[in-house]
Amino acid sequence: MIGTTPVILALGGGPVRLLGAGAMLFSLGFARASAASGRGADDATFLMAAAGTARFQGSARRLLVEGARTNAIRNPRAEGATVGGAGSSALPGFWGNFSSGGLTATVAGTGTASGLPYLDLAFTGTTSGTSAAFSFDTASLAVTAGQQVTHSVYLALVGGSLANLSSVNNRNVTSGGTGTASQNVLASLSGALTRFGSTVTAGAGATAMQHYLSFSFAPGAAVNFTLRIACPQIEWGAFASSPILPAAGAPAVTARAADVPSCALPPQGTLVGTFLLPQSAPAGLDQGLLQLDDGTDTNRLVLQNAGGGNAVQALVASGGSTLATLAAGSMVPGTAFRAAIGWNAAGVSACLGGGAVQSSGTLPAGLSRLLIGHASAGLGRAAFGEAGPLDLHATRLPDAALQALTSN
């Protein structure tokens with residue numbers, strides 16, 4: 001933890017900008033123990049960031065903060081494919097379980113689009129059955145009942161047409177119990193590489209899940225189409241996170257570590273920031289915006305989107321117990337919003353989007369650290385969203401100032 005921020009504040013001169021567009025203050029520490037991907041300044045092209053390197057995402061250049069996730073697909077780069085005609089091409093390494101339904105699957109090309117490695121796969125022939133399918137990994141993801149799993153893949157139609165197909169299914173097939181999900185993306189396919197994803201909860205008896213792409217049709221139909229396929233991903237979680245790729249040439253189950261931006265805190269102050277969360281909070285899992293703590297979850301202030309919806313709130317916890325919950329208002333997924341939290345010996349204030357200020361007369365003891373994009377010292381309640389600009393004021397600002405500074 002880097003502790004120079006209070007020194008800067010002591011010099012006066014207005015608020016300190018901890019996060020700006022594409023930049024952070026030198027006294028703000030950042031850690032992530034793995035590489036990770038994020039969208040570039042054009043809002044479309046994905047770039048890889050090395051371990052320990054912050055991801056400032058999109059044209060707004062806000063800091064992307066995600067929790068740890070693992071992609072169980074070993075070869076999302078589609079490496080090892082052989083391009084060729086019928087009988088001479090081969091699927092990428094670890095892809096398989098192909099059932100043809102009378103169709104021939106031919107690798108028509110490989111490359112990179114929007115920063116994502118892809119495979120072009122052509123399906124041709126006259127159907128003899130009613131479906132065709134293949135898996136993105138011959139191995140399965142181990143699950144237990146109640147776990148949520150999200151499967152996602154980027155797809156584009158780059159040749160032929162979808163004539164005579166009744167469905168193109170992004171599927172999650174469950175073994176040993178209930179929980180199979182099938183997302184028909186036929187009507188949404190276009191020439192643009194688009195991510196499709198679906199989430200399923202493992203039911204009673206479920207032991208494993210596998211990510212498939214399948215097609216449905218009538219027997220005796222002529223079929224000719226080519227799909228561009230990029231970055232298949234299956235991960236534990238209630239929504240898809242950023243694409244997780246192994247190092248080139250080293251296909252394997254790959255983990256992305258949590259982003260951890262942090263710094264030391266002064267004894268009083270106000271944090272005012274802009275945030276964007278792409279999705280509502282899953283049931284029972286808060287999305288952290290800011291946590292002010294003593295290095296643990298025992299004594300802390302939290303600004304978060306509460307589990308199960310879009311309600312932004314501040315929590316005041318002392319001795320491991322929640323003493324106050326301040327309901328600040330609601331955010332809209334995918335839309336940037338401004339929020340603030342202030343603290344001093346007299347208590348805590350929170351404000352969202354210029355709305356009514358909510359206050360508590362209690363301040364937890366020992367607050368010394370700021371975590372950005374988290375609501376847990378254990379990093380299990382991450383924003384999976386963006387933060388910035390973020391300013392630190394040297395005092396707890398009055399209510400009118402909080403409202404003015406958070407007005408959208």
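Rolling a 1.4 Å probe over the heavy atoms of the protein chains gives the chain an accessible area of 36 Å² per residue.
Summary of packing: across the peptides 279-291, 188-200, 227-239, the per-residue average of other C-beta atoms within 10 Å ranks them, highest first, as 227-239, 279-291, 188-200. Think of the chain as having a plus end and a minus end, set by charges on the Cβ of Lys, Arg, Asp and Glu; of G220, Y118, L292, Y118 sits farthest toward the positive end of this dipole.
Going from most exposed to least, what order do R39, R55, R17 have by accessible area with a 1.4 Å probe?
Numbers: R39 70, R55 10, R17 120 Å².
Descending order: R17, R39, R55.
The rule of thumb for compact globular proteins, 2.2 N^0.38 Å, goes into the C-alpha radius of gyration of the chain 1.11 times. Scattering from the stretch 54-119 was approximated by placing one identical point on each alpha carbon and applying the Debye formula without solvent; log10 I(q)/I(0) at 0.21, 0.23, 0.24, 0.26 1/Å stands at -0.96, -1.06, -1.11, -1.20.
Database remark: amide H of R69 closer than 5 angstrom to the amide H of R256 (H placed geometrically; neighbours at sequence offset of 5 or more, or on other chains; Pro and chain starts carry no H).
Does the stretch 139-221 classify as rounded, prolate or oblate by the C-alpha gyration tensor (a ≥ b ≥ c root eigenvalues; a/c under 1.5 gives rounded; else a/b over b/c gives prolate, otherwise oblate)? Note, shape of the stretch 139-221 comes out prolate. A simple spin-label model places pseudo-atoms 7 Å from Cα toward Cβ; at A327 and A21 they are separated by 3.7 nm.
Note that the stretch 67-83 has calculated 3J(HN,Hα) couplings of x, 5, 9, 10, 8, 7, 6, 6, 10, x, 7, 6, 6, x, 6, 10, 7 Hz, one per residue in order, obtained from phi through the Karplus relation 6.51 cos²θ - 1.76 cosθ + 1.60 (θ = phi - 60°); glycine and proline are x. In this structure the amide hydrogen of G109, modeled in the peptide plane, comes within under 5 Å of the amide hydrogens of D120, none closer than 5 places in sequence on its chain.
If you wrap the stretch 101-156's Cα atoms in a convex hull and average its projection over all directions, what's the area in nm²? Mean shadow area of the hull around the Cα atoms is 6.0 nm². The solvent-accessible area of D120, taken with every protein chain present and a 1.4 Å probe, is close to 20 Å². Adding -39500 (n - 2.57) for every DSSP H run of four residues or longer, then dividing by how many residues the chain holds, sets the calculated 222 nm ellipticity at -1000 deg cm²/dmol.
Considering only Cα atoms, the convex hull volume of the stretch 1-140 works out to 142 Å³ per residue. Residues of the stretch 308-329 with an amide N closer than 16 Å to a point placed 7 Å from the Cα of D399 along the Cα-to-Cβ direction: 326-329. The apolar share of the surface of the chain, taken as the fraction of accessible area on carbon and sulfur atoms (1.4 Å probe, ligands and nucleic acids excluded), comes to 54 percent. Scalar couplings 3J(HN,Hα) for the stretch 396-404, obtained by applying the Karplus form with A = 6.51, B = -1.76, C = 1.60 to θ = phi - 60°, are 6, 6, x, 4, 4, 5, 4, 5, 5 Hz; x denotes Gly and Pro.
The values are calculated or read from the model by the stated rules, or taken from the named source; none is laboratory data. All of these numbers come straight from a predicted model, not from anything done at the bench. No Cβ is skipped: glycine too gets one built from the backbone with ideal geometry, and neighbour counts run over all protein chains shown. Note: accessible area is taken over every heavy atom of the protein model, side chains too, but ligands, DNA and RNA are not part of it. Shrake-Rupley method; radii C 1.70, N 1.55, O 1.52, S 1.80 Å.
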